[in-house]
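Working notes, structure below.
The values are calculated or read from the model by the stated rules, or taken from the named source; none is laboratory data. Here the structure is a predicted model, which means the values were calculated and not measured. Cβ placement follows ideal geometry from the backbone for every residue including glycine, while neighbour counts extend to all protein chains displayed.
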Amino acid sequence: MRAVTPRGHWWVLAGVLAVFLLTLFLTTSVLRGVGAAGTTQSRGPDDRVPGSVSGGGPVVDVRNGAPVSSGVLPGTVALTFDDGPDPTWTPQVLRLLAAKQVPATFFVIGEHVAEHPELVRAETAAGHEVGLHTFTHADLSTAPVWQVHVELAASRAVLAGAVGRSTTLLRPPYSSMPDAVDNRDWRAVQRTAALGYLTVLSTQDSLDWEATDADDVVRRAVPPEGQGAVVLMHDGGGDRSRTVAALGRYIDTLKARGYRFTTVSQAVGLPPQATPAPRLDRWYGTALILALQAAVALPAATAWLLGGAALLTAARLLLLATAAAAHRRRTAARAPVRPAATPPVSVVVPAHNEEATIAACVRALLAGGRPDVDVVVVDDGSTDGTAAAARSVDDPRVRVVTQPNRGKPAALNSGVAHAAHDVIVMVDADTVLAPGAVARLTAAFADPRVGAVAGNTKVANRTGLLPLWQHLEYVMSFGLERRLFDLFGAGPTVPGAIGAFRRSALDACGGISADTIAEDTDIAMALCRAGWRVVHRSDAHAYTHVPTTVRELWHQRYRWAYGTLQSVWKHRHAVGEPGVAGRLGRRTLPYLVLFQLALPLTAPFLDAAALYGLALGTSPAPVSTWVAFCLAQLALAAYALRQDRESLRHLWLVPLQQTLYRTALCLVTIHALVSAALGAGPQWQRNHPRAQTEARAVPAPV
């Protein structure tokens, strides 16, 4: 097998997980919450604050070193609104301002701009001025320098992404009037000035966040007679119903006294402080807005994902347990198998460079209790002594056919052509069949509707952690799922390790196809679509060797996953067909798509969310769900092992299987899906020493 997968698939996997973890970080850390508007800080010493600032106007400019304080023109009021935009209160404020034909200045929080960029666009479209209020309402007077830079850079970026403009106006959170500036505030003013910002304070604080009613807001916001004012109100950060109720009355009151309303820049005689943002800033800001919107939506999306995965997992466990119980009752009602009463059988063994295992495989077939068995070994261009090893089994029932290396499907078709009987068992060369397995397989053909029979594949090399995990998987996943498919009568796979076919059924489908790399899945689905039942015999055992390294396991499961995708796509039209084909299309294929393709896609993300939540203590839901999932899998594993009469001593491996092995298999599935989406995947390579290795349906998470 030669993988022609593009390198880009790893970047896709890494990129998706990185974005997921980044949005988790943004949600739980950056977007943890905005400070309550109106929260006051205890005032400290102010001996370093210049008198021109503490006794000056509300707009402070220190960008050139020497502080310049600008006061409001007499008879002028600049309405300012902090902590927005808010989807509830900002539209109401905008409607009132439009009705009164009054401009205002909105100091926006970057996080809220990212969540509701359309509201900031509405503010600028209506002619209002927009300034910054940091990204998360951080206290700039106590924040470290790096956080000040991050807060302002992120705020500036999202504003550029939302409206394509930049601004130099900044109102620090928790600020008040010039005479309230202390040494910490002054240091923050100097730091932000070095970044190019004007600091905008206020002269009248409406205290709308603590006012008892609208009248209280109006009374506090009215400036002394004739004096200009920068009035502080809020359009976000909490319940602003009192602000909305007071706003229209406040405007009417001051207009009646001869005041005019304008923006902060105009109120202090400055030119407009908004300028077009560079194109790069707009692109970066747009990308940041999209990322932050995804982060905001992530908790709800994760909850839905977690709920959906939990529902699918519970449905699968319940379905498998119910099917296993029903299958057990059906098996108990079967008549004992009498080898003499079963039809004669031919066994086809495709082999390529299997010198070490082929003789043991053939001897087990001859010792299986069927004196009439016909064994056909097809040496598919081996470069070792495979053919000689097969011929070393001196028995007239064994025939060895050699051919140039053409791949497993061609080897199987050649073996079928040389087979003497109408019932044909196919066995991999590295597999040993248990005594009586052939007779149990062929007994199923007493039902003339049966076209193929899948046996029960077991792990032979149960030494080491990786093979033991696969042993549990073969029993829990493969074994229980094939019992379910047997009840459907439309199994999607006849494993290459042990499977039997009716010759007429194979002929009806044109033999073993090389259209996919999962020929054992492809032929099973083709038989179902031709009207033949594909059933399972759980008492027909075959012992096969499984990969012992992660690399070998990854390559094997990648082929299985990709081959299953090919087969599902090839036979997708079975969904609308009648009979056995309809059972395949409307029962088996949805199971494969839901539980062997969709469910694995969620596992790495849910594991990441659980570990992230556990590390930061943000949410117990993913962790508790994961624990419940492990306990359910443990119960299912015990039940499955009992069904197959296997020892329970390896149950302790199930929790480890959930944390490592299952995640690896899920990543393999994602690998196959990404490869398919990018238009490249594994292909048969005839001269590869393991070209005959079986491909079967990709395992569901165990």
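Has the stretch 637-654 got any residue that is within 29 Å of the chain's Cα centre (by Cα), at pLDDT 80 or above and loosely packed, with under 15 Cβ neighbours inside 10 Å?
yes
Tell me yes or no: at least one residue of the stretch 217-234 is in a loop (DSSP other than H, G, I, E, B) and closer than 26 Å to V113 by Cα. Before you say what the answer is, go through the steps one by one.
In the first step, residues of the stretch 217-234 are kept if they are in a loop (DSSP other than H, G, I, E, B); the result is 222-228.
Within this subset, residues satisfying the condition of being closer than 26 Å to V113 by Cα are none.
No, the conditions are met nowhere in the stretch 217-234.
So, in the stretch 658-671, exactly how many residues are more than 15 Å from the chain's Cα centre (by Cα) and either among the small types (G, A, S) or modelled with pLDDT under 80 (or both)?
Here the count works out to 3.
Only one of G511, G563 is surrounded by fewer than 24 Cβ atoms within 10 Å (Cβ to Cβ) and small (G, A, S). Can you tell me which?
Values: G563 fails: surrounded by fewer than 24 Cβ atoms within 10 Å (Cβ to Cβ).
None of the others qualify; the one that does is G511.
Which of the residues belonging to the stretch 98-115 are free of Cβ contacts under 8 Å to residues at least 60 places away in the same chain and either assigned to a helix (DSSP H, G or I) or surrounded by 22 or more Cβ atoms within 10 Å (Cβ to Cβ) (or both)? Write out each step before concluding.
First pass over the stretch 98-115, keeping only residues free of Cβ contacts under 8 Å to residues at least 60 places away in the same chain: 98, 101, 108, 110.
Correct list: A98, V108, G110.
Given the condition under 30 Å from Y250 (Cβ atoms) and in contact with a His (Cβ under 9 Å, 6 or more places away or on another chain), answer yes or no: does some residue in the stretch 193-206 qualify?
Yes: one or more hits.
Just to be sure I understand the filter: pairs with C-beta atoms under 8 Å, separated by 6 or more residues or on different chains, first member in the stretch 650-666 and more than 24 Å from L597 (Cβ to Cβ), second member modelled with pLDDT under 80 and part of a helix (DSSP H, G or I). Which pairs pass?
From the stretch 650-666, the pairs are P655/C630.
Do the conditions hold for V575, that is, is it crowded, with 21+ Cβ neighbours inside 10 Å, within 34 Å of the chain's Cα centre (by Cα) and of a type in the set (A, V, I, L, M, F, W, C)?
Numbers: crowded, with 21+ Cβ neighbours inside 10 Å: no; within 34 Å of the chain's Cα centre (by Cα): yes; of a type in the set (A, V, I, L, M, F, W, C): yes.
The answer is no for V575.
Could you grab me the full set of residues in the stretch 231-257 that are over 19 Å from A98 (Cα atoms) and either over 49 Å from the mean Cα position of the chain (by Cα) or of a type in the set (D, E) (or both)?
D239, R257
All but one of (1) at pLDDT 95 or above; (2) touching a Phe, Trp or Tyr at 6+ places or on another chain (Cβ under 7 Å); (3) surrounded by 24 or more Cβ atoms within 10 Å (Cβ to Cβ); (4) of a type outside the set (F, W, Y) hold for V244; state the number of the condition that does not hold.
Result: V244 passes all but (3).
Can you say whether H128 is under 30 Å from R219 (Cα atoms) and within 35 Å of the chain's Cα centre (by Cα), as far as the supplied structure shows?
Here the answer is no, as H128 does not meet what is asked.
As an exercise: evaluate L365 against (1) buried (at least 18 other Cβ atoms within 10 Å of the Cβ); (2) in a loop (DSSP other than H, G, I, E, B) and give the number of the one condition it does not meet.
Of everything listed in (1) buried (at least 18 other Cβ atoms within 10 Å of the Cβ); (2) in a loop (DSSP other than H, G, I, E, B), L365 misses just condition (2).
Which one of V438, V425, V453, V494 is of a type in the set (A, V, I, L, M), in a loop (DSSP other than H, G, I, E, B) and crowded, with 24+ Cβ neighbours inside 10 Å?
Exactly one residue qualifies, and that residue is V494.
How do the pairs read when you match residues in the stretch 376-389 that are on the phi > 0 side of the Ramachandran plot with residues anywhere that are modelled with pLDDT under 95 and assigned to a loop (DSSP other than H, G, I, E, B), using Cβ under 6 Å and keeping only pairs 6 or more apart or on different chains?
Pairs that qualify, where the first residue is on the phi > 0 side of the Ramachandran plot and the partner is modelled with pLDDT under 95 and assigned to a loop (DSSP other than H, G, I, E, B), are G381/P404; G381/N405.
Taking R184 as the residue in question, decide whether it is modelled with pLDDT of 95 or more, among the basic types (K, R) and out of contact with any Cys (no Cβ under 9 Å at 6 or more places or on another chain).
Working: modelled with pLDDT of 95 or more: no; among the basic types (K, R): yes; out of contact with any Cys (no Cβ under 9 Å at 6 or more places or on another chain): yes.
Answer is no for this residue.
Write out, first by first residue and then by second, each pair whose Cβ atoms fall under 8 Å of each other, whose residues are 6+ apart or on separate chains, and whose first residue, in the stretch 306-335, is without any contact (Cβ under 8 Å) to a residue 24 or more places away in the chain while the second is among the charged types (D, E, K, R).
Taking only residues 6 or more apart or on different chains, not a single pair turns up.
Find the residue count for the stretch 80-93, including only residues that are touching a helix residue (DSSP H, G or I) at 6+ places or on another chain (Cβ under 8 Å) and either under 15 Å from L232 (Cα atoms) or surrounded by 22 or more Cβ atoms within 10 Å (Cβ to Cβ) (or both).
Adding up the residues that qualify gives 9.
Within the stretch 279-297, which residues are touching a residue at least 24 places away in the same chain (Cβ under 8 Å) and of a type in the set (K, R)?
The one that is touching a residue at least 24 places away in the same chain (Cβ under 8 Å) and of a type in the set (K, R): R282.
Output the residues belonging to the stretch 524-558 that are part of a helix (DSSP H, G or I), closer than 28 Å to T331 by Cβ and in contact with a Pro (Cβ under 9 Å, 6 or more places away or on another chain).
Of everything in the stretch 524-558, those that are part of a helix (DSSP H, G or I), closer than 28 Å to T331 by Cβ and in contact with a Pro (Cβ under 9 Å, 6 or more places away or on another chain) turn out to be A524, M525, C528.
Determine if the stretch 124-138 includes at least one residue that is modelled with pLDDT of 95 or more, part of a helix (DSSP H, G or I) and hydroxyl-bearing (S, T, Y).
Yes; the residues of the stretch 124-138 include at least one that is modelled with pLDDT of 95 or more, part of a helix (DSSP H, G or I) and hydroxyl-bearing (S, T, Y).
Got at least one residue in the stretch 252-272 being in contact (Cβ under 8 Å) with a residue 12 or more places away in the chain and touching a Lys or Arg at 6+ places or on another chain (Cβ under 6 Å)?
No; the residues of the stretch 252-272 include none that is in contact (Cβ under 8 Å) with a residue 12 or more places away in the chain and touching a Lys or Arg at 6+ places or on another chain (Cβ under 6 Å).
Would it be correct to say that T286 is under 34 Å from the mean Cα position of the chain (by Cα), at pLDDT 90 or above, part of a helix (DSSP H, G or I) and surrounded by 14 or more Cβ atoms within 10 Å (Cβ to Cβ)?
It is true that T286 is under 34 Å from the mean Cα position of the chain (by Cα), at pLDDT 90 or above, part of a helix (DSSP H, G or I) and surrounded by 14 or more Cβ atoms within 10 Å (Cβ to Cβ).
Please go through the stretch 47-65 and give me each residue that is closer than 16 Å to G196 by Cβ and surrounded by fewer than 19 Cβ atoms within 10 Å (Cβ to Cβ), ordered by number.
Matches in the stretch 47-65: D61, R63, N64, G65.
Among the residues of the stretch 212-240, how many are within 18 Å of R95 (Cα to Cα) and in contact (Cβ under 8 Å) with a residue 24 or more places away in the chain?
So the answer is 6.
Among residues belonging to the stretch 171-196 that are touching a Gly at 6+ places or on another chain (Cβ under 9 Å) and outside any helix (DSSP H, G or I), point out the one that is farthest from R63 (Cα to Cα).
For the stretch 171-196, the residue satisfying everything is Y174.
Specify the residue that is farthest from D46 (Cα to Cα); the eligible residues are those in the stretch 196-214 that are touching a strand residue (DSSP E or B) at 6+ places or on another chain (Cβ under 9 Å) and among the hydrophobic types (A, V, I, L, M, F, W, C).
The residue in question is W209.
Residue under question is G228, and the condition is that it be touching a Pro at 6+ places or on another chain (Cβ under 6 Å) and either of a type in the set (D, E) or crowded, with 16+ Cβ neighbours inside 10 Å (or both); does it hold?
For G228, the condition - touching a Pro at 6+ places or on another chain (Cβ under 6 Å) and either of a type in the set (D, E) or crowded, with 16+ Cβ neighbours inside 10 Å (or both) - is met.
Checking H137 against (1) surrounded by 23 or more Cβ atoms within 10 Å (Cβ to Cβ); (2) out of contact with any Pro (no Cβ under 9 Å at 6 or more places or on another chain), which single condition isn't satisfied?
It fails just one condition, (2).
With respect to V535, determine if the residue is modelled with pLDDT of 90 or more, under 26 Å from D644 (Cα atoms) and among the hydrophobic types (A, V, I, L, M, F, W, C).
Against the criterion (modelled with pLDDT of 90 or more, under 26 Å from D644 (Cα atoms) and among the hydrophobic types (A, V, I, L, M, F, W, C)), V535 qualifies.
Would you point out which residue out of A444, A518, A490, A439 is more than 30 Å from G385 (Cβ to Cβ), in contact with a Gly (Cβ under 8 Å, 6 or more places away or on another chain) and of a type outside the set (S, T, N, Q)?
Details: A444 fails: in contact with a Gly (Cβ under 8 Å, 6 or more places away or on another chain); A518 fails: more than 30 Å from G385 (Cβ to Cβ); A490 fails: in contact with a Gly (Cβ under 8 Å, 6 or more places away or on another chain).
None of the other options fit; the residue is A439.
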